[in-house]
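Heads up: the structure comes next, in structure tokens.
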Amino acid sequence: MYWPLPLILLVSLPFSSRHDGPDPIGSWQLTEAQISAGVLEPILGTRGRVEGKVKFVGEGVNQALWFDGRTTRIVLADNIAESQQKLPLRNMTVEAWVAVNERSRWGGIIGSLQDNGPSEKGWLLGHSNGHFTFGISTKGADDGDGKMTYLSADSRFELGRMYHVVGTYDGTFQRVYVNGKLEAESQVQFGDLLYPNSAPLIIGGYQDDDESYYFKGRIRSVRIFDQTAKETWVKGAFRHFAELADAKAMAHGPEDLSWVIHPYLQWATRDGMTLRWESSHPTRAKVCFGTKVLFQGKGDQRKAVFEAEKSVSLASTLGEIRLNSLKANTAYYYQIELADKRGQKVTSPVLSFQTAPERDTPFAFAVISDTQTQPKIATKIAQHAWDLRPNFVLHPGDLVDAGKVKQQWEQEFFSSMKPLLERVALFPVLGNHEQDARFYYDYMSLPDPEYYYTFHYGNTQFFMLDSNRAVGPETAQYKFLERALRASKAKWKIVCYHHPAYTSDENDYGNTWYGPSTKGDLRVRALVPLFDRYGVDIVWNGHIHSYERTWPLKKGRATMAAKGTVYMVTGGGGGPLERAGPIRPFFQNTVRHGHHFCFVAVNGGTLEMKAYDLEGRLFDSLKIEKGK
């Protein structure tokens with residue numbers, strides 16, 4: 001529905017004259033009348049670039065833009081330092097009519113900020129864990145070195161309901177209002193607002209250099225003022241459109257029910273498997289499974305029938321069901337059906353998995369690392385690995401390029417690994433590019449604390465560590481590893497973490513073209529004595545985007561095959577490639593430039609490793625034999 005321009009102006013500036021309130025320096029109405037061909041035309045201020053899916057909800061005064069939480073956002077400025085959009089310097093008011101449809105730790109309605117460790121600059125009107133928030137950084141507080149104060153409204157919002165949210169600052173007091181009511185205030189910040197040197201101005205998102213979160217819900221209008229609104233103005237602004245807050249909550253928005261992340265598998269054991277997925281909105285999920293599938297009906301009416309089923313109602317879009325009491329080393333077939341409150345359904349294909357075997361049963365696994373950056377390459381790698389039918393996937397880290405960017409998990413990692421992970425379980429560790437982001441923990445189902453753990457498969461025990469954290473002798477990870485290795489009775493012991501203790505890489509640990517190198521990460525070399533003492537067979541690493549295999553090493557020297565530890569760098573899953581340096585170190589057996597993956601088969605006292613390139617061609621192999 002298109003509104004005539006005079007009505008738009010009347011609606012967007014309802015109280016500039018009636019309540020002695022401020023005049024906006026930026027005003028945007030997110031309606032069909034103002035958005036066309038990917039451009040948001042302002043009432044005041046700069047044009048906005050509309051990205052992602054564009055869908056409107058409601059008509060007339062109720063109309064708002066739907067933000068899908070994955071692709072939709074409006075960029076008012078790529079860099080505020082170079083933008084024509086005027087922003088407040090000390091006194092400010094920011095106002096929005098908004099409905100949130102997904103609670104998250106960090107949610108942005110409108111803002112411009114850099115929130116990197118101790119350096120926090122800018123401002124944000126947003127939400128966090130079910131409460132509206134208003135955050136600012138100023139030159140007065142914290143000696144002006146940048147520390148944001150986030151005010152959180154007392155009340156919790158209802159998902160899908162429209163609210164009037166206002167943040168104000170007058171150089172001394174910072175306040176946040178919800179539906180005309182003052183809900184929080186602070187005097188921690190004072191003086192002029194502190195802006196970052198470079199940051200975008202975004203509607204429908206929270207973004208800085210290393211974090212990107214998309215808003216899910218409706219935003220009807222947004223205004224920015226370089227004056228501080230009085231409480232009477234805030235109350236009046238809310239009353240003028242109070243019927244918006246009284247309207248029925250739109251629990252799911254206009255989008256159709258769909259898979260955001262298709263089903264994938266985690267934590268394979270002899271008696272169980274964890275099924276994970278993500279949907280466009282909360283649903284009731286039903287998993288049908290069994291050791292065989294029967295089909296009833298014909299054509300469009302053909303339906304798969306299973307031996308058992310398990311259901312769960314989900315308050316979140318993230319889905320998880322654990323199947324227990326299964327038989328070891330057994331093929332199971334499964335299908336997941338999701339249904340929302342509107343009766344919409346989506347159903348996965350009939351998929352399969354195999355439970356972990358008993359100790360004396362042969363098995364195989366794929367090793368794929370550093371899948372970051374290039375999903376087309378990761379897709380080819382995953383397909384080649386799936387063609388070899390592994391029992392599971394070991395991933396030594398850097399699943400994505402920027403772990404705090406949700407879209408990379410959805411649209412790059414899980415989409416590229418789909419043919420593999422929907423049928424075999426993923427056992428990962430954190431790389432540096434995950435940034436220890438909450439998405440890693442949201443998407444993984446691993447034993448606490450999740451950044452380190454151990455698991456058994458057949459006659460082999462795997463020890464998974466986070467080499468981004470400290471691993472020296474006094475750390476929790478070192479002590480955990482020592483205890484686990486000492487107690488292990490496994491035939492084979494394999495350790496996996498991201499940063500390599502030994503590598504001939506050209507420049508990560510010193511530029512070997514022009515000078516010396518440590519030839520590996522000295523921090524993680526603190527673990528090497530444990531590998532020597534407890535007979536670790538292979539250490540898998542990533543981080544370096546090439547392939548390298550060492551001779552078996554013990555006490556810092558190359559030794560015979562079955563008496564030392566082989567260190568494997570296999571960072572060729574998709575990241576930009578790196579090369580070996582010009583100097584051959586003593587530990588190097590073979591090195592190769594190119595994207596690749598590894599495939600390992602274990603049968604009793606025999607372990608065979610084969611490495612394949614991007615075209616699926618074998619380029620290296622290793623065989624280790626052990627006695628009884």
Exercise. Can you pull out the residues in the range 366-400 that are touching a Pro at 6+ places or on another chain (Cβ under 7 Å) and surrounded by fewer than 20 Cβ atoms within 10 Å (Cβ to Cβ)?
Worked result: THR373, GLN383, TRP386
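Kindly indicate whether GLY403 is open to solvent by less than 10 Å² (accessible area, probe 1.4 Å), in contact with a Phe, Trp or Tyr (Cβ under 8 Å, 6 or more places away or on another chain), assigned to a loop (DSSP other than H, G, I, E, B) and modelled with pLDDT under 95.
Against the criterion (open to solvent by less than 10 Å² (accessible area, probe 1.4 Å), in contact with a Phe, Trp or Tyr (Cβ under 8 Å, 6 or more places away or on another chain), assigned to a loop (DSSP other than H, G, I, E, B) and modelled with pLDDT under 95), GLY403 qualifies.
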Exercise. Where residues in the range 532-566 are small (Gly, Ala, Ser) and surrounded by 15 or more Cβ atoms within 10 Å (Cβ to Cβ), which of them is farthest from LEU607 (Cα to Cα)?
Worked result: SER546
Exercise. Does VAL165 satisfy the criteria of being within 30 Å of LEU314 (Cβ to Cβ), touching a Leu at 6+ places or on another chain (Cβ under 7 Å) and not small (Gly, Ala, Ser)?
Worked result: yes
Seminar exercise, completed: Of (1) in a helix (DSSP H, G or I); (2) more than 32 Å from the chain's Cα centre (by Cα), ARG525 satisfies every one except (2)
Exercise. Which residue, of SER280, SER198, is modelled with pLDDT under 95, open to solvent by less than 20 Å² (accessible area, probe 1.4 Å), closer than 30 Å to GLN408 by Cβ and within 31 Å of the chain's Cα centre (by Cα)?
Worked result: SER280
For this session: Among the numbered conditions (1) more than 26 Å from the chain's Cα centre (by Cα); (2) more than 17 Å from ILE219 (Cβ to Cβ), tell me where VAL94 comes up short.
Result: (2)
For this session: Starting from the range 567-593, take each residue that is open to solvent by 10 Å² or more (accessible area, probe 1.4 Å) and list its partners that are acidic (Asp, Glu) and in a loop (DSSP other than H, G, I, E, B), counting only C-beta distances under 9 angstrom and pairs at least six apart or across chains.
Result: GLU578/GLU506; ARG579/GLU506; ALA580/GLU506; GLY581/GLU506; PRO582/GLU506; HIS593/GLU578
For this session: Please name all residue pairs, on different chains or six or more residues apart, with Cβ atoms under 9 Å, provided the first residue is in the range 461-483 and is at positive phi and the second residue is part of a strand (DSSP E or B) and at pLDDT 95 or above.
Result: none
Exercise. For the range 339-356, what are the residues that are small (Gly, Ala, Ser) and open to solvent by less than 50 Å² (accessible area, probe 1.4 Å)?
Worked result: ALA339, SER348, SER352, ALA356
Problem set entry | Long-range neighbours under 9 Å by Cβ, at least six apart or interchain, first residue on the phi < 0 side of the Ramachandran plot and open to solvent by less than 30 Å² (accessible area, probe 1.4 Å) within the range 603-617, second at pLDDT below 95 and not in a strand (DSSP E or B) | GLY605/LYS626; GLY605/GLY627; GLY605/LYS628; LEU607/LYS626
For this session: Scan the range 414-440 residue by residue and report those that are within 20 Å of HIS499 (Cβ to Cβ) and assigned to a helix (DSSP H, G or I).
Result: ASN432, HIS433, GLU434, TYR440
Seminar exercise, completed: Counted residues in the range 55-71 being touching a strand residue (DSSP E or B) at 6+ places or on another chain (Cβ under 7 Å) and within 23 Å of PHE241 (Cβ to Cβ) come to 9
Exercise. For HIS499, which of the numbered conditions (1) in a loop (DSSP other than H, G, I, E, B); (2) touching a strand residue (DSSP E or B) at 6+ places or on another chain (Cβ under 8 Å); (3) modelled with pLDDT under 95 fails to hold?
Worked result: (3)
For this session: Please work out if SER186 is in contact with a strand residue (DSSP E or B) (Cβ under 9 Å, 6 or more places away or on another chain), under 17 Å from ARG218 (Cα atoms) and open to solvent by 10 Å² or more (accessible area, probe 1.4 Å).
Result: no
For this session: Note down all Cβ pairs under 6 Å where the first residue falls in the range 20-41 and is farther than 21 Å from ILE109 by Cα, the second is at pLDDT 95 or above, and they're at least six residues apart or on different chains.
Result: GLY21/ALA229; GLY21/TRP233
Exercise. Of the numbered conditions (1) outside any strand (DSSP E or B); (2) open to solvent by 10 Å² or more (accessible area, probe 1.4 Å); (3) out of contact with any Asp or Glu (no Cβ under 9 Å at 6 or more places or on another chain), TYR150 satisfies every one except a single condition; which is it?
Worked result: (1)
For this session: Please indicate, with yes or no, whether at least one residue in the range 234-242 is within 22 Å of GLY171 (Cα to Cα) and in contact (Cβ under 8 Å) with a residue 24 or more places away in the chain.
Result: yes
For this session: Could you please find all residues in the range 304-338 being open to solvent by 30 Å² or more (accessible area, probe 1.4 Å), over 28 Å from HIS456 (Cβ atoms), not in a loop (DSSP other than H, G, I, E, B) and not polar (S, T, N, Q)?
Result: VAL305, GLU309, GLU337
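The values are calculated or read from the model by the stated rules, or taken from the named source; none is laboratory data. Bear in mind the structure is a predicted one, so any value in this text is a computation, not a measurement. FYI the Cβ positions are ideal-geometry reconstructions off the backbone, even for glycines, and counts take in every protein chain you see. Only protein heavy atoms, including side chains, enter the accessible area calculation; ligands, DNA and RNA are left aside. Shrake-Rupley method; radii C 1.70, N 1.55, O 1.52, S 1.80 Å.
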